[in-house]
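For reference, the structure is listed below as structure tokens.
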């Protein structure tokens, strides 16, 4: 009797049986087969965490910002960046020395340099929990797209050095944050272009005397309340707003983005039929061989 131990697997699951034995203990017959058994086990969806550690980020400069080196002067190119199966919006414009919006990827560590020239650095210094790589979001409309619809559990979020020092010390665009100041990033989920919900995270909160202040480290941004989505976009608001909009640098750093697909790939019924036909034919052959072996064994015993 053939016994197979099975556990939870992503559908479709396949078993490759290279050799097993049939027959009696005194006359075993080796049978070589390869059987593809499509095991429909209900499809188990597993959480995926995007850490960015598999990315090869050139150092220098220590970041990927969408600049391919071939964008004509004065023109823009929008090409999403990819990591861990997710798609990160990015637009690079070759003007005024080159600038980008959306997302970039970085491994810059600089917690002291003020200003726009240090826009790629996370204030905690590197990625979450001492890792090297992370993402940086800039500007309203920065968007993460999922490969299939699912639930984004959340991610680790931090201030960039540019934004943190601007809020703490002030600069030519805003005064240092004081009691009553705040800086908020809002995530909005979408599914097939329909909004599913929103969630906010205060990168700086001095609204009251007991508020936590300006975020200096990494913190979890819970997005599970957005429900099933195929994309999440971000927008920035804050107390330091002037005639031309927000004066606080509209950046955040992100790491360990965790999402769970809401479905698994469907199995082609025609393929299942073909696999089943092969399996049944093979089992039939094994049964005939077993009967032949049994018959020969009985014949030998009767002749004794």
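The values are calculated or read from the model by the stated rules, or taken from the named source; none is laboratory data. Quick caveat: nothing in here was measured; it's all calculated off a predicted structure. We place every Cβ from the backbone using ideal geometry, glycine too, and count neighbours over all the protein chains shown.
Return the residue satisfying two criteria in turn: it lies in region 124-136 and is in contact (Cβ under 8 Å) with a residue 12 or more places away in the chain and out of contact with any strand residue (DSSP E or B) (no Cβ under 6 Å at 6 or more places or on another chain), and of such residues it is surrounded by the most Cβ atoms within 10 Å (Cβ to Cβ). Restricting to residues being in contact (Cβ under 8 Å) with a residue 12 or more places away in the chain and out of contact with any strand residue (DSSP E or B) (no Cβ under 6 Å at 6 or more places or on another chain), the top hit is 133.
To keep it simple, each residue is scored yes or no on (1) at pLDDT below 95; (2) crowded, with 17+ Cβ neighbours inside 10 Å; (3) within 20 Å of residue 233 (Cα to Cα); (4) under 21 Å from the mean Cα position of the chain (by Cα).
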position: 66; (1), (2), (3), (4): no, yes, yes, yes
position: 74; (1), (2), (3), (4): no, no, no, no
position: 93; (1), (2), (3), (4): no, yes, no, no
position: 138; (1), (2), (3), (4): no, yes, yes, yes
position: 155; (1), (2), (3), (4): no, yes, yes, yes
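Screening 217, 200 for residues that are within 19 Å of residue 158 (Cα to Cα), assigned by TED's automatic domain parsing to the domain that holds residue 119 and part of a loop (DSSP other than H, G, I, E, B) leaves exactly one candidate, 217.
Being over 23 Å from residue 46 (Cα atoms) and surrounded by 20 or more Cβ atoms within 10 Å (Cβ to Cβ) narrows it down to one of 118, 159, so name that one. Steps first, answer last, please.
Details: 118 fails: surrounded by 20 or more Cβ atoms within 10 Å (Cβ to Cβ).
Sole residue among the options that is over 23 Å from residue 46 (Cα atoms) and surrounded by 20 or more Cβ atoms within 10 Å (Cβ to Cβ): 159.
From the list 35, 22, 44, the lone residue that is assigned to a loop (DSSP other than H, G, I, E, B), surrounded by 15 or more Cβ atoms within 10 Å (Cβ to Cβ) and at pLDDT below 95 is 35.
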